[in-house]
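Everything below concerns the one structure shown next.
The values are calculated or read from the model by the stated rules, or taken from the named source; none is laboratory data. None of the values given here were measured: they were computed from a predicted structure. Note: ideal-geometry Cβ built from the backbone for every residue, glycine included; neighbour counts use all protein chains shown.
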Amino acid sequence: MNITGLQWNLVWEDRDANYDRVRELLADSGDSDLIILPEMFSSGFSMNVDATAEPDDLPTEVFLHELAREQNAAVLGGLVRRGKGKGHNELITFAPDGTELGRYRKNRTFCYTGESEHYENGTEVSVFEWQDWKIAPLICYDLRFPELFRRATAKGAELIVVIASWPSVRVEHWVTLLRARAIENQAYVIGVNRTGSDPNLEYPGRSIIIDPWGEIVADAGAKDKAFSAEIDLEAVRNWRAEFPALQDLNI
């Protein structure tokens, strides 16, 4: 399966500008089976739920739906929905035919930034299937909690996707933890981050794809770009069979 991640300097609280930027970045990219956009890609990581939450006509969901059809690929991206009093920091994945493949709400909201005051955490870990792969999506701060990845792996996850707005000041944590999660779970892991800055933080990009041995097979660096790599399902299954560490989890 060929996967493509997009990283760019998200335009603060401006949906239309970010939709346009996605299409610009994809214009020069090749064919893909799965396209991944960052956390809160249409607004940036804002605590202003009135600005980030989807209006009644769900423009970001509509955009993702249309993009999947246009690109003939599954498309995964982060968005915000309004809950009871707080927002929900979520992601959604659409197939090219418009089928909703999966939806996930961030389990660990970040107290340090005040996120937990504005966004209600989820409780479930989800896995969806696409092109024979079992795929688990997670969001940003979730990366620091290995138990969420174990729950995903217990459900069969072979590719784990982490979308993020991860700041430059902790970029080495980002890279190290993504590699650790791939090694621990004998799975491909892709982390899709943003670049640039917002009113509060600077962001390094460094979106990466990691194989089940923890080796980085694609690194987007610091520039705005679409980046791609082909990943091998048999590599995951063969490694798990050859070195069956996951079978010892319950011992």
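Please find, within the stretch 209-251, the residue that is farthest from P38 (Cα to Cα) out of those that are of a type in the set (F, W, Y) and out of contact with any Ser or Thr (no Cβ under 9 Å at 6 or more places or on another chain).
Result: F243.
State all residues of the stretch 5-42 that are closer than 15 Å to T60 by Cβ and of a type in the set (D, E, K, R); if no residue qualifies, say none.
Residues satisfying the conditions are E13, D14, R15, D16, D20, R21, R23, E39.
Determine whether the stretch 100-115 contains at least one residue that is surrounded by fewer than 24 Cβ atoms within 10 Å (Cβ to Cβ), of a type in the set (G, A, S) and modelled with pLDDT under 95.
Yes: the stretch 100-115 contains one or more residues that are surrounded by fewer than 24 Cβ atoms within 10 Å (Cβ to Cβ), of a type in the set (G, A, S) and modelled with pLDDT under 95.
Output yes when any residue across the stretch 112-129 is in a strand (DSSP E or B) and either within 16 Å of the chain's Cα centre (by Cα) or among the aliphatic types (A, V, I, L, M) (or both), and no when none is.
Filtering the stretch 112-129 for residues in a strand (DSSP E or B) gives 119, 128-129.
Add one more test, that the residue is either within 16 Å of the chain's Cα centre (by Cα) or among the aliphatic types (A, V, I, L, M) (or both), and what stays is 128-129.
Within the stretch 112-129 (the criterion being in a strand (DSSP E or B) and either within 16 Å of the chain's Cα centre (by Cα) or among the aliphatic types (A, V, I, L, M) (or both)), the answer is yes, since at least one residue qualifies.
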